[in-house]
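Undergrad: Just passing along the structure, written as structure tokens.
The values are calculated or read from the model by the stated rules, or taken from the named source; none is laboratory data. Every value quoted in this text rests on a predicted model; they were computed, and no experiment measured them. Reconstructed Cβ throughout: ideal geometry from the backbone, glycine too, with neighbour counts over all protein chains shown. Accessible surface is based on the protein model in full, side chains and every heavy atom, while ligands, DNA and RNA are left aside. Shrake-Rupley method; radii C 1.70, N 1.55, O 1.52, S 1.80 Å.
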Amino acid sequence: MNAIKFPPNFIWGTAAAAPQIEGAAFLDGKGESVWDRFARIPGKVVGDANLDVACDHYHRYPDDFALMRELGIKHYRLSIAWPRIFPQGDGELNQAGIDFYNRLIDCMLAEGIQPWVTMFHWDLPQALEDRGGWRERLTPEAFGVYAETIVKAFGDRVKHWITLNEMRCFTILAYGDTIRPPGLNEGEKVVNQTYHHALLAHGLGVQAVRQHGGENAQVGITDDCIIPVPVIETEPHIKAAEQAIRELNIRSIDPILKGEYTELYHTLTGENAANVEPGDIELISAPTDFFGMNIYTGVYVRAKEDGSPEILPFPSGYPTADAPWLKLIPQAMYWGPKLIKSVYDVPSIYITESGAGYDDVPTETGEILDLHRRQYVRQCLMELHRSIGDGSPIEGYFLWSFMDNFEWLDGYTKRFGICYTDYSTQKRTPKLSAHWYKEVMQQNQLV
Ligand code: GBH
């Protein structure tokens, strides 16, 4: 049997985010986040669920880390809640928030788990939103102070930092598409400005790590760039995919990785291009140590007669997870890193999220036999392995998520965990996929 082995020192982990698991949404001085506010608008979230309790990780983290240890999880991507540190976004610091993350990080380390910390996973302090949020430059400026504060507080123990999670979800979807808080529908120009402010925040996050993170600290960004998958793996379609990945992500990753707003950006945005101030570009494009990719799905692309890309619509019946946006396309895990390498020559990539959302139901004996999730993740890992073999510089993989949690608009439906969360008792039960993933991590190969 040909073993599907991963490189030595390959990083295996799981991921989650503060607003989705912590709960304690208004405890110990935490300020309101835009999601705390948005979830209270009737009809926005499935079941009108909110983030108040979530997985109660705020109180249960010692047990959660003990379970991670049992499952052989040695790396864990978590996020820090900005409104726990600065309840108003800027101004007064909440010492209780710092104390909480000190206890949490110490506990993880004691269980032999390395923290990979995301500075911002969408929970903008509502007070900043009330002053314009990502439309205004004051938000990246406040983020810069917040980033410096957490790097100074935790940088002695945290060596891996991720500035932002998925720009799309708090820029275009939030200010241009009404479906994420604050739920606005502004024009192109404003949306492009929110992207620019997100990029600035990223730059300030990188600066904070460089200045205060210590010599061996590493920093990067995580994005859910839209991944065009060549529908036929031949030269013309691959070329079309290379063009498409730039066009599809022109406002987010292209400026970071090209180090400028290129001609293509200006062609595509025209008079709606973002306003840029002197020094912004240098900040945005400062070198990072890795590029983080959240890869769940993709789009299929083919070359038109003239070689330019055509994104193909999905036919009805195309397989999805129970989360319908999650079209099952394992090849995205091959092409995502491959295209990022060929188009931008990125030297180091981590898959910071990957997984599948299903409405798991325990069997009569209480097992969770999530064969669908296990199967999809396994197929994705085969494609990841193929990508590494073809030269993609992938150094690690984080499965989303450690446990079922608050799935944003889907509330507590569409479970992504490898551990099942019973929300009435807060009991966690490792699913079949957790037992499988434990073996994969331990053996550093597919099983
Ligand atoms: C990630 O987003 C998030 O980082 C994480 O917090 C989340 O729990 C996880 O995935 C699972 O969803 O409303 O049809 O426009 C994944 C990328 C991008 C997927 C936005 C959903 C909206 C689909 N997400 N997308 S739609």
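Undergrad: Scanning the stretch 266-282 for residues that are among the aliphatic types (A, V, I, L, M) and open to solvent by less than 40 Å² (accessible area, probe 1.4 Å), which turns out nearest to the chain's Cα centre (by Cα)?
TA: Among them, the one singled out is A274.
Undergrad: Now for a separate question. I'm trying to understand the selection: among the residues of the stretch 165-203, which are closer than 27 Å to N50 by Cβ and in contact with a strand residue (DSSP E or B) (Cβ under 7 Å, 6 or more places away or on another chain)?
TA: N165, E166, M167, A198, A201, listed by residue number.
Undergrad: Quick one: A18 ticks every box in (1) within 15 Å of the ligand (Cβ to nearest atom); (2) of a type outside the set (S, T, N, Q); (3) on the phi > 0 side of the Ramachandran plot bar one, so which box is it?
TA: The single condition A18 does not satisfy is (3).
Undergrad: I'd like to know if the stretch 252-268 contains one or more residues that are within 16 Å of the ligand (Cβ to nearest atom) and either closer than 23 Å to E166 by Cβ or among the β-branched types (V, I, T) (or both).
TA: Yes, the stretch 252-268 contains a residue that is within 16 Å of the ligand (Cβ to nearest atom) and either closer than 23 Å to E166 by Cβ or among the β-branched types (V, I, T) (or both).
Undergrad: What single numbered condition from (1) within 15 Å of the ligand (Cβ to nearest atom); (2) among the small types (G, A, S); (3) surrounded by 17 or more Cβ atoms within 10 Å (Cβ to Cβ) fails to hold for G213?
TA: Result: G213 passes all but (1).
Undergrad: For a quick check of your reading: which strands (runs of 3 or more DSSP E) sit entirely within the stretch 318-428 and have at least 2 residues that are aromatic (F, W, Y)?
TA: Once the strands (runs of 3 or more DSSP E) in the stretch 318-428 are filtered for at least 2 residues that are aromatic (F, W, Y), what remains is 394-400.
Undergrad: Follow-up. Among the residues that make up the stretch 333-351, is at least one of them modelled with pLDDT of 95 or more, within 16 Å of the ligand (Cβ to nearest atom) and among the hydroxyl-bearing types (S, T, Y)?
TA: Checked the stretch 333-351: at least one residue is modelled with pLDDT of 95 or more, within 16 Å of the ligand (Cβ to nearest atom) and among the hydroxyl-bearing types (S, T, Y).
Undergrad: Quick one: what pairs do we get from the stretch 195-210, first residue hydroxyl-bearing (S, T, Y), second open to solvent by 10 Å² or more (accessible area, probe 1.4 Å), C-beta under 6 Å, 6+ apart or different chains?
TA: Every condition considered, the pairs that remain are Y195/R251.
Undergrad: Being under 28 Å from V377 (Cα atoms), open to solvent by 40 Å² or more (accessible area, probe 1.4 Å) and without any contact (Cβ under 8 Å) to a residue 60 or more places away in the chain is true for just one of E260, E242, E310, E233. Which residue is that?
TA: E233
Undergrad: Give the stretch 394-430 a look and list any residue that's of a type in the set (G, A, S) and either more than 16 Å from the ligand (Cβ to nearest atom) or crowded, with 22+ Cβ neighbours inside 10 Å (or both), or say none.
TA: If the condition is that a residue be of a type in the set (G, A, S) and either more than 16 Å from the ligand (Cβ to nearest atom) or crowded, with 22+ Cβ neighbours inside 10 Å (or both), then G396, S401, G417, S424 are the ones that fit.
Undergrad: To continue, here is another question. Does the stretch 325-347 contain at least one residue that is crowded, with 22+ Cβ neighbours inside 10 Å and among the small types (G, A, S)?
TA: Taking every residue of the stretch 325-347 in turn, at least one turns out to be crowded, with 22+ Cβ neighbours inside 10 Å and among the small types (G, A, S).
Undergrad: Taking interchain pairs and intrachain pairs at least six residues apart, which have beta carbon atoms under 7 angstrom, with the first residue in the stretch 157-183 and closer than 17 Å to Q193 by Cβ and away from the ligand (no atom under 14 Å from the Cβ) and the second among the acidic types (D, E) and open to solvent by less than 30 Å² (accessible area, probe 1.4 Å)?
TA: P182/E129
Undergrad: Quick check on my filter: what residues within the stretch 1-50 are among the charged types (D, E, K, R) and closer than 30 Å to W436 by Cα?
TA: If the condition is that a residue be among the charged types (D, E, K, R) and closer than 30 Å to W436 by Cα, then K5, E22 are the ones that fit.
Undergrad: Now for a separate question. Taking the stretch 377-393 as the search range and keeping residues that are open to solvent by less than 10 Å² (accessible area, probe 1.4 Å) and either β-branched (V, I, T) or without any contact (Cβ under 8 Å) to a residue 60 or more places away in the chain (or both), which one is nearest to L51 (Cα to Cα)?
TA: V377
Undergrad: Taking interchain pairs and intrachain pairs at least six residues apart, which have beta carbon atoms under 9 angstrom, with the first residue in the stretch 109-130 and closer than 20 Å to Y350 by Cβ and open to solvent by less than 10 Å² (accessible area, probe 1.4 Å) and the second among the small types (G, A, S) and away from the ligand (no atom under 16 Å from the Cβ)?
TA: W116/G396; M119/A147; M119/A201; M119/G205; M119/A208; F120/A147; F120/A201; F120/G205
Undergrad: Further, regarding this structure: Checking V301 against (1) over 22 Å from W161 (Cβ atoms); (2) buried (at least 19 other Cβ atoms within 10 Å of the Cβ); (3) touching a Phe, Trp or Tyr at 6+ places or on another chain (Cβ under 9 Å), which test does it fail?
TA: Looking at each condition in turn, V301 falls short on (3).
Undergrad: Suppose we filter H372, H435 for residues that are open to solvent by 50 Å² or more (accessible area, probe 1.4 Å) and either modelled with pLDDT under 95 or within 16 Å of the ligand (Cβ to nearest atom) (or both); which single one remains?
TA: From the options H372, H435, the qualifying one is H372.
Undergrad: Now a separate question. Only residues that are part of a loop (DSSP other than H, G, I, E, B) and within 16 Å of the ligand (Cβ to nearest atom): list them for the stretch 270-315, please.
TA: I295, Y296, T297, G298, P313, F314
Undergrad: Taking the conditions exactly as written (part of a helix (DSSP H, G or I), within 15 Å of G31 (Cα to Cα) and more than 16 Å from the ligand (Cβ to nearest atom)), does A96 satisfy them or not?
TA: Taking the combined requirement at face value, the residue satisfies it.
To keep it simple, each residue is scored yes or no on (1) at pLDDT 95 or above; (2) crowded, with 17+ Cβ neighbours inside 10 Å; (3) among the small types (G, A, S).
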site	(1), (2), (3)
T14	yes, yes, no
A17	yes, yes, yes
I21	yes, yes, no
G31	yes, yes, yes
I41	yes, no, no
A49	yes, yes, yes
L78	yes, yes, no
R84	yes, yes, no
G91	yes, no, yes
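Undergrad: Being open to solvent by less than 10 Å² (accessible area, probe 1.4 Å) and within 16 Å of the ligand (Cβ to nearest atom), is that true of even one residue in the stretch 138-148?
TA: no
Undergrad: Mind checking which residues of the stretch 172-186 are at pLDDT below 95 and either among the aromatic types (F, W, Y) or over 20 Å from the mean Cα position of the chain (by Cα) (or both)?
TA: T178
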